[in-house]
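These notes concern the structure reproduced below.
The values are calculated or read from the model by the stated rules, or taken from the named source; none is laboratory data. Please read all numbers here as calculations on a predicted model, not as lab measurements. Using ideal geometry, Cβ is built from the backbone for each residue, glycine included, and neighbour counts are taken over all protein chains shown. With ligands, DNA and RNA removed, areas are computed over all heavy atoms of the protein, side chains included. Shrake-Rupley method; radii C 1.70, N 1.55, O 1.52, S 1.80 Å.
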Amino acid sequence: MTTARTTAALAEPVEPVGGGWTSALALANGAIWVGWYGPLQILLASQAEDFAPGAGMSKESVLAWVTGAGAVVSLLATPLFGALSDRTTSRRGRRTPWIVAGSAGGAVSLLLLAGAGGLWTMVAGWCLVQLTLNASWAAVTAAVPDQVPRLQRGSVGGWLGAAQILGVVGGTGLATLGGGVGAGYAACAVFTLVGALPYVLAHRDPPLPAVARPEWSWRGFLAGFWLSPRRHPDFAWAWLTRFLINLGNSVGLLYLLFYLRDRVGYPDPEQGVLILTVVNASTLLATVVVSGMWSDRVGRRKPFVYGSGLLMAGATGLIALWPTWPGALVASALLGLGFGVFTSVDFALMTDVLPTAIDRGKDLGVINVANSLPQVAAPVLAAPIVTHLGGYRTLYLVAAVIGLAGAVFVGRIRGVE
């Protein structure tokens, strides 16, 4: 008696989604990235510099503590909220309630972070931002395998990737041009909330009937977060590929503001970060949608991930070997080209290796740990390299090697062409 409704919620989608649905979901995704990257690119670094003397640490160490703690929360929150959304039986669907709650909570959390008075209130505020926005992000990403056919996921992933980088640019711009730390946070908070409204108000995902929800047990719920690499090798290799490429990227971005100030000697490093972000976004936008559509058309994923990983590794190595403002501009352009291809095609590849329909949100959350865990690992890896093991040149060479390893390992995925 619930077969049709269950099929709508859990069956492999076959009907293509329209442009309105894709645009609304992309805007919601971009709004989340505004909430993350306004702080990450500018605001957290500015606060770290202000609070470092009182904390008795260097600004690099303060920033590492804050971003590392937030990344630990993100690491846990993404699969948790993905799993909770899998079990949600709201009439508005499995994902929409979490998009609403996460976006609203993220906006409030950003405003609280703006009022931080020291290291530990800054840590608490950023952890709360990560908790809430990851609830929204887990639901947004899970909506794709719920409603988009396999051979449309490259193009939809491309539009989500375009929105992601526009969110990075928008967040950086709002943080830079807002007129101060407090105003920058307020601007990011407003956009984070408003950007989710078109999808929430105009679209909803198929509801899951209560009878189709798995029986609850703490043991079963917690055990579901472990996916055996032996039983699901493609899932495991896809996860490792994403982790390594994102780790290389995170290591390179963490100290970008300080790199421009202390190594390159750029006179206005905050403006320099904004310029590099715009250059990176421009080249990324040139490839992110086109590569996703191309991948859908030829029905292949791995060659695109190979090429993008190699290009990004080369660009990161260029930063190490050519520490000048022109070198940073060229590297940013190349990184954008590579990451545009990677963002759309790797997302489609991830959805192709999900083990079961009932656990799409949870499994994508586990995969998205490969985005969050590098934020934990990057400060641990980067801080001692910069301060004791060779400085920024060594840092960017290490980042290049890590990214190169990620590109190589994609060849171990057997179930995707």
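Atom-type composition of the exposed protein surface of the chain places 68 percent of the accessible area on carbon and sulfur (1.4 angstrom probe). Computed about its Cα centre, the charge dipole of the chain is approximately 900 debye, with only Lys, Arg, Asp and Glu carrying charge at their Cβ.
Inter-part distance, the stretch 90-115 to the stretch 297-373, computed on C-alpha centroids, equals 27 Å. The distance between label points at D262 and H388 comes to 1.5 nm (points 7 Å beyond Cα on the Cα→Cβ vector). The angle between the Cα long axis of helix 391-409 and the main principal axis of the chain comes to about 20°, on a 0 to 90 degree scale. Here the extension length gained between W120 and D50 equals 23.9 nm, from 0.36 nm per residue of separation less the Cα-Cα distance. For V73, V408, the ranking by accessible surface with the largest value first comes to V408, V73, using a 1.4 Å probe.
Highest mean first, what order results for 249-255, 276-282, 221-227 on Cβ atoms within 10 Å?
My ranking of the peptides, most packed first, is 249-255, 276-282, 221-227.
Overall form of the stretch 323-394: oblate. Here a/c, set by the Cα gyration tensor axes a ≥ b ≥ c, is 1.5 or more, and a/b is not larger than b/c. Seen through its C-alpha gyration tensor, with square-root eigenvalues sorted a ≥ b ≥ c, the stretch 227-342 comes out prolate because a/c lies at 1.5 or above while a/b is bigger than b/c.
Each Lys or Arg adds one and each Asp or Glu subtracts one; over the other residues with Cβ under 15 Å from the Cβ of T324, this totals +2.
Each residue, L76 and A210, gets one label point 7 Å from its Cα in the Cβ direction; the gap between the two is 3.1 nm. The length gained by stretching the chain between L310 and W226 to full extension, at 0.36 nm per residue less their Cα-Cα distance, is 27.2 nm.
Taking 0.36 nm per residue of separation and subtracting the Cα-Cα distance, full extension of the segment from T324 to V14 would add 106.6 nm. Once the 1.4 Å probe is applied to the protein heavy atoms, the chain comes out at 39 Å² accessible per residue.
Label-to-label distance, V200 versus L111, with points set 7 angstrom from Cα along the beta-carbon direction: 1.4 nm. Checking every one of the chymotrypsin sites (Phe, Trp or Tyr not before Pro) in the stretch 135-220 against DSSP loop status and a limit of 10 other Cβ atoms within 10 Å picks out W216. For the stretch 283-412, the square roots of the Cα gyration tensor eigenvalues, ordered a ≥ b ≥ c, give a/c of at least 1.5 with a/b no greater than b/c, which places it in the oblate category.
Per-residue ellipticity at 222 nm computed for the chain from its helices equals -26000 deg cm²/dmol, with DSSP H segments shorter than 4 residues left out and the rest contributing -39,500 (n - 2.57). What residues of the stretch 202-226 lie in the reach of a label at A104, counting those whose backbone N is under 16 Å from a point 7 Å from the Cα along Cα→Cβ? Label zone hits: 202.
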